[in-house]
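Q: Sharing a structure, written as structure tokens. Questions coming.
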Amino acid sequence: MIRAYELTKRYGGATVVHGLDFTVRPGTVTGFLGPNGAGKSTTMRMLLGLDAPTSGRSTIGGRAYATHPAPLTEVGALLEARSVHPGRTAFHHLMALAHTHGIPRSRVEHVLDLAGLTAAAHKRVKGFSLGMGQRLGIAAALLGDPATLILDEPVNGLDPEGVLWIRTLLTSLAAEGRTVLVSSHLMSEMALTADHLVIIGRGRLLADTTVAELIRTAGGASVKVVTPQADTLRTLLAGPGVRITTGPAGELTVHGTDAAHIGRTAAAHAVPLAELTPQTVSLEQAFMDLTQESVEYRTAAPLTGAPA
Ligand SMILES: Nc1ncnc2c1ncn2[C@@H]1O[C@H](COP(=O)(O)OP(=O)(O)OP(=O)(O)O)[C@@H](O)[C@H]1O
């Protein structure tokens with residue numbers, strides 16, 4: 001379990017992490033989400049004892065990271081900056097790490113295999129692509145078979161096969177009961193990988209929730225119905241908990257019931273349907289709504305209309 005207690009980091013006059021309080025539980029993948037510059041890397045660095053908080057504290061497995069006697073076997077971490085000697089091979093890089101913790105060569109070979117790097121194990125790291133570097137970083141994080149993993153943007157630079165690999169890997173590591181915290185600025189990626197989300201913007205906690213709950217609070221699922229008898233269907237569907245909005249050309253958006261019920265009701269009363277489409281709110285939209293006040297680097301709105 002990872003706990004952050006009122007974590008705060010100030011650089012000069014700027015507070016980049018602001019009283020962050022959250023818990024990351026074992027057995028699920030927790031996505032740490034926020035726009036560029038939100039403070040994700042800074043928070044992760046504080047969790048790992050690489051940056052000292054201005055105030056607040058954090059624990060991993062009940063104690064501060066720095067007090068773990070053999071940190072590699074407790075916490076595996078991948079941070080954005082690469083810290084591999086470019087002249088070393090992948091194998092030698094991992095062996096050097098393994099030596100510091102008495103980890104056997106067989107484990108090095110195992111993690112190289114897990115990361116799909118066996119064929120490249122004896123190539124120098126300076127010749128690695130961004131994706132191969134990420135794979136090596138993940139192999140290093142897994143080296144000590146840790147109970148907790150903290151990975152900063154692990155899909156960065158990975159090709160589609162690599163993205164799928166990391167998703168499957170993280171899910172299976174969590175299923176083994178490990179605590180997995182993984183950062184991203186992409187909601188679409190996290191929606192596929194994480195069960196739980198800790199969302200921050202400008203260093204502040206915006207949401208600590210599940211993917212399913214985020215969909216619900218963002219407006220929940222609805223059903224789009226198109227019928228030439230919109231008024232009739234509207235009356236037939238009205239009931240407790242059902243909310244219906246009317247659009248143009250016989251379009252209804254129905255909240256609070258499902259497509260099967262609407263279809264049955266329409267059929268029972270011979271109301272013809274031109275369309276019956278279940279809709280889920282776009283998580284991307286929910287994320288943008290949540291973080292719109294806290295986006296650090298905003299793209300200018302597209303120009304519309306004819307040039308002056
Ligand atoms: N060493 C530092 N000195 C001064 N400011 C810093 C330092 N490190 C980070 N910052 C600032 O803190 C803020 C948060 O940065 P951080 O890298 O933690 O964000 P992030 O959420 O990881 O962003 P990204 O998704 O772009 O990686 C940024 O405004 C950044 O400029």
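Every read-out reported here was derived from the displayed coordinates using simple, explicitly stated rules and does not represent laboratory data. Because the structure is predicted, anything quoted here is derived from the model rather than measured. Neighbour counts are summed over all protein chains in view; Cβ atoms, including those assigned to glycine, are modelled from backbone coordinates with ideal geometry.
Q: In units of 2.2 N^0.38 Å, what is the alpha-carbon radius of gyration of the chain?
A: 1.25
Q: Calculate the translational D of region 219-278 in whole µm² s⁻¹ from Stokes-Einstein, where the hydrodynamic radius comes from the Kirkwood formula applied to all Cα pairs, the temperature is 10 °C and the viscosity 1.306 mPa s. It would help to have the intermediate numbers written out before the result.
A: Values: Rh = 11.1 Å.
So the translational diffusion coefficient is about 143 µm²/s.
Q: Taking +1 at the Cβ of each Lys and Arg and -1 at the Cβ of each Asp and Glu, which of P240, T23, H93 sits farthest along the dipole of the chain towards its positive end, judged by Cα position relative to the Cα centre?
A: Selected residue: H93.
Q: Extent of region 142-267 along each principal axis, from alpha carbon coordinates, in Å, largest to smallest?
A: Extents along the principal axes, in whole Å: 65, 33, 27.
Q: Related question: About its Cα centre, how strong a charge dipole does the chain have in debye, to the nearest 20, once Lys and Arg get +1 and Asp and Glu get -1 at the Cβ?
A: Numbers: 26 positive and 25 negative charges, 165 e Å.
Around 800 debye, computed over the chain.
Q: Mean-square fluctuation check for the chain, GNM, Cα pairs under 10 Å: which of A175, A115, A140 is largest?
A: Largest GNM mean-square fluctuation: A175.
Q: Further question: Which of the GluC sites (Glu not before Pro) found in region 1-108 are loop residues per DSSP with 16 or fewer other Cβ atoms within 10 Å of their Cβ?
A: Answer in residue order: E80.
Q: Find how many whole Å separate the alpha carbon centroid of region 233-280 from the alpha carbon centroid of region 65-141.
A: 55 Å
Q: Can I ask one more? Compute the longest continuous run of the chain that contains no exposed trypsin sites (Lys or Arg not before Pro); treat a site as exposed when its DSSP state is not H, G, I, E or B and it has at most 16 other Cβ atoms within 10 Å.
A: 124-297
Q: Can you show me the helix-derived [θ] at 222 nm for the chain, built from DSSP H runs with n ≥ 4 at -39,500 (n - 2.57) apiece and divided by the number of residues, rounded to the nearest 500.
A: -9500 deg cm²/dmol
Q: Out of all DSSP beta bridges with both ends in the chain, state the antiparallel percent to the nearest 5. Intermediate values should be presented prior to the final figure.
A: Details: 34 of 52 bridges.
If I count the DSSP bridges inside the chain, around 65 percent turn out antiparallel.
Q: Over the chain, what is the mean sequence separation of C-alpha contacts under 8 Å (at least six apart), divided by residue count, expressed as relative contact order in percent? Before the final figure, lay out the partial values.
A: Working: 584 pairs, mean separation 66.0, N = 308.
Relative contact order for the chain comes out at 21 percent.
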